[in-house]
Amino acid sequence: MTTYVDAQAKHRRTTGVIPLHGEAGFAGMRKAGRLTAEALDLLVDEVRPGVTTAALDRLAYEFAHDHGAIPATIFYKGYRHSICTSINHVVCHGIPEERPLREGDIVNVDLTLIVDGWYGDSSRMYPVGEITRKAERLIEVTYECLEAGIAAALPGKTTGDIGAAIQQHAEAERTSVVRDFVGHGVGQLFHDEPNIMHFGVPGTGVELKPGMIFTIEPMINLGRPHVKILSDGWTAVTRDRTLSAQCEHSIGITETGHEIFTLSPRGLFNPLAARR
């Protein structure tokens, strides 16, 4: 059973209880989302062969510190870094390290900044130098899947409509949707209700109502959708070692449609498209 409540009366995640935010919540998310997008914009010129993901992590931390924000992942369930960096066949939650990026790599950077108590959550794909057409097409399809999911996020629609739109596009392009990780409610909690599946059946799931705020973050594989978690307890990789890509926005449902909080101020949300 699903219950909708005023977000101001909800202080922890409760299964089936979905917060509805007012203008103050949307204003808070605009500020947090924009700063997160600015930080990810900063990394566009930094992701290149020879740079380490640990260096990118330090840049993200310094940017947050200089702007009065807190990276949400630091010490989250024992995690010790400001960003997640997922390279090639890593699906998500890759840990920054001192190994240099190589020409032809693709890397997802996932960042959440806390600004005045609000969580701006976003991720995007970065090509490292010249990449193969196969990798390029995977990134294109992943961004198209996110766009399809956001287009379906309208008042009166359902979470199943979002998932179905993503799944339909991914599978039409002969790629697969990861099932193990989902989008989620966000706001003054890092992870809240509802879960946003990136696959599904139209008309099923939770009805979307104005005031809902959540992420859509499809993970798309070139091969099969199956993943496994490495011994570090965080890093998820494709079982068949094929490439994976992900992109993510935080959005809010409005009376007439939706608002994207994590748009790139410089138009760089898709660095691959931006450099053409």
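The values are calculated or read from the model by the stated rules, or taken from the named source; none is laboratory data. Since the structure is predicted, the reported quantities are computational estimates derived from the model, not experimental observations. As a convention, Cβ positions derive from the backbone with ideal geometry for all residues, glycine included, and neighbour counts pool all protein chains shown. Just so you know, the surface numbers come from the protein's heavy atoms only, side chains and all, with ligands and any DNA or RNA stripped out. Shrake-Rupley method; radii C 1.70, N 1.55, O 1.52, S 1.80 Å.
Tallying residues that are more than 16 Å from Ser123 (Cα to Cα) and either touching a Gly at 6+ places or on another chain (Cβ under 9 Å) or among the basic types (Lys, Arg) (or both) within the stretch 40-64 yields 3. In the stretch 74-89, how many are crowded, with 21+ Cβ neighbours inside 10 Å and more than 19 Å from Pro271 (Cα to Cα)? Selection size over the stretch 74-89: 2. Of the numbered conditions (1) touching a residue at least 24 places away in the same chain (Cβ under 8 Å); (2) under 30 Å from Ile131 (Cα atoms); (3) touching a strand residue (DSSP E or B) at 6+ places or on another chain (Cβ under 9 Å); (4) crowded, with 17+ Cβ neighbours inside 10 Å, Tyr61 satisfies every one except a single condition; which is it? Of everything listed in (1) touching a residue at least 24 places away in the same chain (Cβ under 8 Å); (2) under 30 Å from Ile131 (Cα atoms); (3) touching a strand residue (DSSP E or B) at 6+ places or on another chain (Cβ under 9 Å); (4) crowded, with 17+ Cβ neighbours inside 10 Å, Tyr61 misses just condition (1). Scanning the stretch 156-173 for residues that are surrounded by fewer than 19 Cβ atoms within 10 Å (Cβ to Cβ) and without any contact (Cβ under 8 Å) to a residue 40 or more places away in the chain turns up Gln168, Glu171, Ala172, Glu173.
Residues in the stretch 199-221 that are part of a loop (DSSP other than H, G, I, E, B) and hydrophobic (A, V, I, L, M, F, W, C) were compared, and the one that is most open to solvent (accessible area, probe 1.4 Å) is Val201.
Only one of the listed residues (Ala135, Ala153, Ala148) is open to solvent by 10 Å² or more (accessible area, probe 1.4 Å), of a type in the set (A, V, I, L, M) and modelled with pLDDT of 95 or more. That residue is Ala148. Residues that are modelled with pLDDT under 95, small (Gly, Ala, Ser) and on the phi < 0 side of the Ramachandran plot: does the stretch 241-251 have at least one? Scanning the stretch 241-251 turns up no residue that is modelled with pLDDT under 95, small (Gly, Ala, Ser) and on the phi < 0 side of the Ramachandran plot. Scanning the stretch 222-248 for residues that are open to solvent by 10 Å² or more (accessible area, probe 1.4 Å) and in a strand (DSSP E or B), we see that the one that is nearest to Val178 (Cα to Cα) is Val227. Gly252 falls short on exactly one of the conditions (1) small (Gly, Ala, Ser); (2) part of a helix (DSSP H, G or I); (3) buried (at least 21 other Cβ atoms within 10 Å of the Cβ), and that condition is (2). Residues that are in a loop (DSSP other than H, G, I, E, B), open to solvent by 10 Å² or more (accessible area, probe 1.4 Å) and free of Cβ contacts under 8 Å to residues at least 24 places away in the same chain do not occur anywhere in the stretch 93-114.
Among what's in the stretch 1-45 and is surrounded by fewer than 14 Cβ atoms within 10 Å (Cβ to Cβ) and of a type in the set (D, E, K, R), pick the residue that is modelled with the lowest pLDDT. Looking at residues that are surrounded by fewer than 14 Cβ atoms within 10 Å (Cβ to Cβ) and of a type in the set (D, E, K, R), I get Arg12.
For the stretch 217-276, residues that are touching a Lys or Arg at 6+ places or on another chain (Cβ under 8 Å), over 30 Å from His21 (Cα atoms) and of a type in the set (S, T, N, Q) total 2.
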